[in-house]
Amino acid sequence: MRIEVDETRCEAIGNCAAAAPAVFDQNDDDGTVVLLAASPPEDERDQVGQAVRRCPTSAITLHEDAR
Amino acid sequence: MTESKSIPIGGRSGECPFGPAPELYEAQKDDELHRVKVPSPLLGEFEAVVVTRYEDVKAALGNEQVRMGGSMPYQAGNLLSYDGADHTRLRRMLTGSFTTKRARELRPTIESIVESALDALEETGRGSDLVRVFSRPIPTQVICALLGVSYEDREEFQCRTEIMLNFEVSREEQMAEAAEMEAYLAGLVARQRERPGDNVLGNLVRDRGDEVTDSELVGIANMLLIAGHETVANTLSASVALLLRNPGQLAVVRDDPSAIEGAVEELLRYVAPATILPRQTAEDVRVRDQEIEEGQLILASVLAANREGEDLDRLDVRRPPQRHLTFGYGPHQCLGQQLARMELRVALPALLNRFPQLRLAVGEEELSYRTGALVFGVNALPVTW
């Protein structure tokens with residue numbers, strides 16, 4: 001899987017970092033998203049799915065490719 | 001647009017205070033958006049378009065032309081007084097202090113604050129009012145920590161907050177207390193300017209001291225106090241009231257740490273303390289297929305939107321994750337939501353474990369709910385154990 005984040009949509013709510021802390025963090029300055037792993041391992045799939053669903057601005061897209 | 005009757009600003013059912021007023025369900029069933037008259041203690045009667053469906057509320061709150069506008073009184077430094085670029089500027093100064101990471105870092109502080117509240121409850125004894133001894137002090141003390149209020153000042157700060165946010169004292173008394181609080185906060189800001197501490201105000205002064213004015217700092221402190229107190233306090237009290245009448249679910253919250261995150265989300269969905277979110281259109285907007293003209297007041301019913309769907313009028317802390325709009329949506333979505341979640345996750349199990357036999361000290365029918373207030377909750381919750 002490959003994760004794409006639209007930083008212009010990010011409102012720094014942090015649900016992604018809460019759902020998948022190994023994949024998403026929040027920048028210390030203004031709390032906006034920091035993608036730690038654009039192609040995380042399969043065992044993060046559930047957490048990443050939660051992060052996608054719980055992002056209040058739909059800023060995260062999950063692609064099923066490894067490009 | 002369908003002309004509708006008057007609904008009280010709290011929008012709760014007379015029969016079950018946790019549920020939406022029947023007028024809201026009627027509006028939700030109707031494809032056409034309803035225009036309602038709202039009697040409000042603060043604003044007199046006003047007219048607004050009420051939005052009740054989940055997708056409609058999201059669309060309205062996420063629409064750039066749906067703004068705070070004049071829907072709330074102006075206060076420098078309060079995020080709800082700003083829109084657009086002015087709002088983003090102020091909000092971005094604060095988001096770094098309200099990350100998930102920060103909420104986790106604050107956990108030990110929250111735990112210690114909760115322990116003190118539990119000690120106070122034990123000391124005041126059986127029959128104590130949980131609202132006064134437990135629910136209100138916890139968020140107040142958390143805000144004290146956030147703002148860098150010194151330990152010596154915390155009790156006074158607590159008392160001031162109680163009076164300031166108590167709608168039962170006279171308006172003059174409330175305003176007098178608000179003025180004193182503002183003077184106190186101005187002093188706090190001055191101290192942080194001199195020696196910035198490790199707290200929200202201090203960090204702002206240190207990182208962006210020349211970008212933000214003193215009056216904005218005071219406004220920010222005031223906003224955090226108001227926004228972070230009523231909401232959390234009432235969710236705590238209402239959650240306890242709900243769990244006491246659902247003992248199977250109470251046991252889940254008390255005994256299963258792996259279930260607490262989901263349980264708190266469900267309680268947030270169900271209680272929806274900020275029942276109605278007011279907005280004003282800056283231009284003509286469309287919600288679904290309907291036009292709302294420029295300058296129109298909108299009331300987004302979080303409560304109704306949270307109930308839209310199968311079986312959602314029932315509290316179920318074991319429910320698989322259910323979407324909700326309790327923290328709002330769009331640019332003004334609750335800044336403190338991760339902190340609020342942390343407070344609830346810590347406080348509820350701690351209370352139920354300290355007092356495993358917790359129960360109401362009065363009959364359920366004696367409880368009175370804040371159905372007329374802007375933030376819903378229970379007025380008092382006398383408990384025993």
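Annotation: extensible slack from residue B:111 through residue B:193 equals 26.6 nm (criterion: 0.36 nm per residue apart, minus Cα-Cα distance).
When Rg and the Kirkwood radius Rh are both evaluated on Cα atoms of the protein assembly as shown, their ratio Rg/Rh stands at 0.95. Atom-type composition of the exposed protein surface of segment B:1-134 places 49 percent of the accessible area on carbon and sulfur (1.4 angstrom probe). Taking all C-alpha pairs of segment B:171-261, those more than 23 Å from each other amount to 48 percent.
A convex hull fitted to the Cα coordinates of segment B:130-183 yields 74 cubic angstrom per residue. Each Cα pair of chain B feeds into the Kirkwood radius, which the Stokes-Einstein equation turns, at 37 °C and 0.692 mPa s, into a diffusion coefficient of 152 µm²/s. Buried on complex formation within segment B:64-105 (loss of at least 20 square angstrom of accessible surface versus the isolated chain, 1.4 Å probe, ligands and nucleic acids ignored): B:91, B:92, B:95, B:96, B:99, B:100, B:101, B:104. Nonpolar atom fraction for chain A, defined as the carbon and sulfur part of the 1.4 Å probe accessible area, stands at 45 percent. Segment B:202-224 and segment B:56-115 have their alpha-carbon centroids 14 Å apart. Only lysine pairs 8 or more places apart, or on different chains, with alpha-carbon atoms under 19 angstrom apart are counted in the protein assembly as shown, and they number 4.
Nearest 20 debye, what's the magnitude of the dipole of the protein assembly as shown about its Cα centre given +1 on Lys and Arg Cβ and -1 on Asp and Glu Cβ? Don't jump to the answer; show the numbers that get you there.
Details: 48 positive and 74 negative charges, 136 e Å.
Value, rounded to 20: 660 debye.
Rounded if a/c is under 1.5, else prolate if a/b beats b/c, else oblate: with a ≥ b ≥ c from the C-alpha gyration tensor eigenvalues square-rooted, which is segment B:230-385? Prolate shape, in that a/c is at least 1.5 and a/b is the bigger ratio.
For chain B, with every protein chain kept in place, what is the accessible area per residue (1.4 Å probe, Å²)? Before the final figure, lay out the partial values.
Details: 16330 Å² over 385 residues.
Computed with neighbouring chains in place, this is 42 Å² per residue.
Contact with the other protein chains removes 30 Å² or more of accessible area, compared with the isolated chain and a 1.4 Å probe, from these residues of segment A:25-43: A:26, A:28, A:29, A:30.
What is segment B:193-291's relative contact order, in percent, from Cα pairs under 8 angstrom and six or more apart in sequence? Could the numbers behind the result be given before it?
On the way: 33 pairs, mean separation 17.8, N = 99.
Relative contact order comes out at 18 percent.
Test of understanding: in a Gaussian network model of chain B with alpha carbons linked when under 10 Å, which of B:287, B:169, B:114 would top the mean-square fluctuation ranking? It is B:169.
If we sort B:130-138, A:53-61, B:376-384 on the protection proxy, mean other Cβ atoms within 10 Å, highest first, what's the order?
Working: B:130-138: 23.7, A:53-61: 18.0, B:376-384: 19.6.
Ranking the peptides B:130-138, A:53-61, B:376-384 by packing returns B:130-138, B:376-384, A:53-61.
Heavy-atom accessible area buried between chains A and B is around 1400 Å² (1.4 Å probe, both sides summed).
Over segment B:245-348, what percent of the accessible surface lies on carbon and sulfur atoms, probe 1.4 Å? Let's see the in-between values first.
On the way: 1880 of 3870 Å².
Summing carbon and sulfur atoms, their accessible area is 49 percent of the total for segment B:245-348.
A Förster radius of 51 Å combined with the Cβ-Cβ distance from residue B:293 to residue B:186 puts the calculated FRET efficiency at roughly 0.80. The mean number of partner chain beta-carbon atoms within 10 angstrom of a residue's beta-carbon across peptide B:317-330 is 1.
In this rough spin-label picture, where each label sits 7 Å from Cα along the Cβ direction, the residue A:50-residue A:9 distance is 2.1 nm.
Mean separation of Cα pairs under 8 Å and 6 or more residues apart, divided by the residue count, gives segment B:241-295 a relative contact order of 17 percent. Each of residue B:208 and residue B:379 was given a label point 7 Å from its Cα along the Cα-to-Cβ line. The distance between the two points is 4.1 nm.
The values are calculated or read from the model by the stated rules, or taken from the named source; none is laboratory data. Owing to the predicted nature of the structure, the values given are computational and were not obtained by experimental measurement. Backbone-built Cβ (ideal geometry, glycine too); neighbour counts: all protein chains shown. Surface areas here come from the heavy atoms of the whole protein model, side chains and all, with no ligands, DNA or RNA. Shrake-Rupley method; radii C 1.70, N 1.55, O 1.52, S 1.80 Å.
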